[in-house]
Amino acid sequence: MTNIIFSKKEFEKHLKITPQIQEKITLFGTPLENITQENIEIEVFPNRPDLISLEGFMRSFKKFIGKEPGLKRYKLKKPEKSHKVHVDKSVNETRPHIACAIIKKLNLTQDKLKDIINMQEKLTLTMGRNRKKMAIGIYPLDKLSFPITYTSKEPNEIKYQPLGADRELSANEILMLHPTGRKYEHLLKNSKKYPILIDSNKQIISMPPIINSELSGRVEVKTTDLFIECTGTDKITVEKALIIIATSLAEIGGTIHQIEIIGDQKIDAPPLTKVSGLNGARFLDARSVPHTKVGG
């Protein structure tokens, strides 16, 4: 079981927390643990990672109580010409899989941003097995220059300013000196090369699964467009995590834009599961939102 905390204010923008709703939350299979002036805390079973975000929870819960029946569909925008991620074969021995998306036209509040960060952390902790199997990076789109390359380098070739640091650090300095680096150092310690994401200006934007760059990886309330990447050792888990995040952000008004990923073969992510004949529109439908075991 995983305990999830939602902002009470954001929850009640969807549904007023009445005694009847409290009872139905428990009947839904997500026991209600606690309600305070600020938060509502529920338990989520391992087979429902899609409920980790408030938006994912509401999508399924409203259907359960008959408030919004039917299949939810999310329109996908085709990749823009420059929105490409090149995958170098050097990552095959460390973290071979990546899935990405761009989300635009978000109108964030402090509570919404907090929920996004909580969702990111819970997904990497549960589905991602504390970043070993999958990790998530979220960036302000306007701080990046496409195309982006996912590659790996020897530690002495990597140097950038990680989130929260006031100067550039080498890869080994990040793992030895930075709090997040020390926490997850064990995930890379046996690797001869470390995975990195580099934009077209040769700027390192992240060293997955450790930490983003301070210069390109700090999301703020004023941020409207996001680049999201999921990397890991298991392709299915990586893709499922991306779908959960992308659809959750679409629920708060964002538009999902695909990215062309170029490696052994070209693919668009998020994966297209349904094509409508109406004006060639592209849709991701709710059947694609995973209901698989967390950490499986």
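Every number here is computed from the coordinates shown, using simple stated rules; none is lab data. In this text, all values refer to a predicted model and were calculated from it rather than measured experimentally. FYI the Cβ positions are ideal-geometry reconstructions off the backbone, even for glycines, and counts take in every protein chain you see.
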Cut-off under 5 Å, modelled amide H: who pairs with residue 86 long-range: 148, 149, 150, 262
Positive minus negative residues near residue 182 (Lys, Arg vs Asp, Glu; Cβ under 14 Å): +1
Farthest toward positive dipole pole in the chain [+1 Lys/Arg, -1 Asp/Glu at C-beta], among 211, 256, 190: 256
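Quick one: dipole size for region 2-64, taken about the Cα centre, charges +1 on Lys/Arg Cβ and -1 on Asp/Glu Cβ, in debye to the nearest 20.
Numbers: 9 positive and 9 negative charges, 64 e Å.
So the dipole magnitude of region 2-64 works out to roughly 300 debye.
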Burial ranking of peptide ranges 226-233, 148-155, 176-183 (average Cβ count within 10 Å, highest at the top): 226-233, 148-155, 176-183
Cα convex hull volume per residue for region 2-64 (Å³): 74 Å³
Burial ranking of peptide ranges 1-9, 36-44 (average Cβ count within 10 Å, highest at the top): 1-9, 36-44
Cα centroid separation - region 19-42 against region 172-210, whole Å: 39 Å
Dipole magnitude of the chain about its Cα centre (Cβ charges: Lys, Arg +1; Asp, Glu -1), debye to nearest 20: 700 debye
Ellipticity estimate at 222 nm from DSSP helix runs (n ≥ 4, -39,500 (n - 2.57)) divided over the chain, nearest 500: -7000 deg cm²/dmol
Karplus (6.51, -1.76, 1.60) ³J(HN,Hα), θ = phi - 60°, over region 159-167, in Hz, Gly and Pro reported as x: 8, 7, 9, x, 3, x, 8, 9, 7
Ordering of 214-221, 187-194, 63-70, 93-100 by burial proxy (mean other Cβ atoms within 10 Å per residue, highest first): 93-100, 214-221, 187-194, 63-70
Förster radius 30 Å - calculated FRET efficiency between residue 167 and residue 201 (Cβ-Cβ, nearest 0.05): 0.95
Listed residues 155, 137, 97: farthest to the positive end of the dipole of the chain (Cβ charges): 97
Inter-site label distance for residue 43 and residue 20 at 7 Å from Cα along Cβ, in nm: 2.7 nm
Rough spin-label spacing in nm, given labels placed 7 Å along Cα→Cβ, for residue 114 and residue 130: 2.6 nm
Three principal axis lengths of the chain [C-alpha, angstrom, descending]: 59, 47, 36
Label-point separation, residue 33 to residue 177 (7 Å along Cα→Cβ), nm: 3.7 nm
Rounded, prolate or oblate (a/c below 1.5 giving rounded, otherwise prolate when a/b exceeds b/c) for region 126-215 by Cα gyration tensor: rounded
Per-pair calculated FRET efficiency, R0 = 25 Å: residue 145 and residue 218 via Cβ, rounded to 0.05: 0.90
From phi via Karplus (6.51, -1.76, 1.60), per-residue ³J(HN,Hα) for region 48-62 in Hz, x at Gly/Pro: 10, x, 5, 8, 5, 8, 4, 5, x, 4, 5, 4, 7, 5, 5
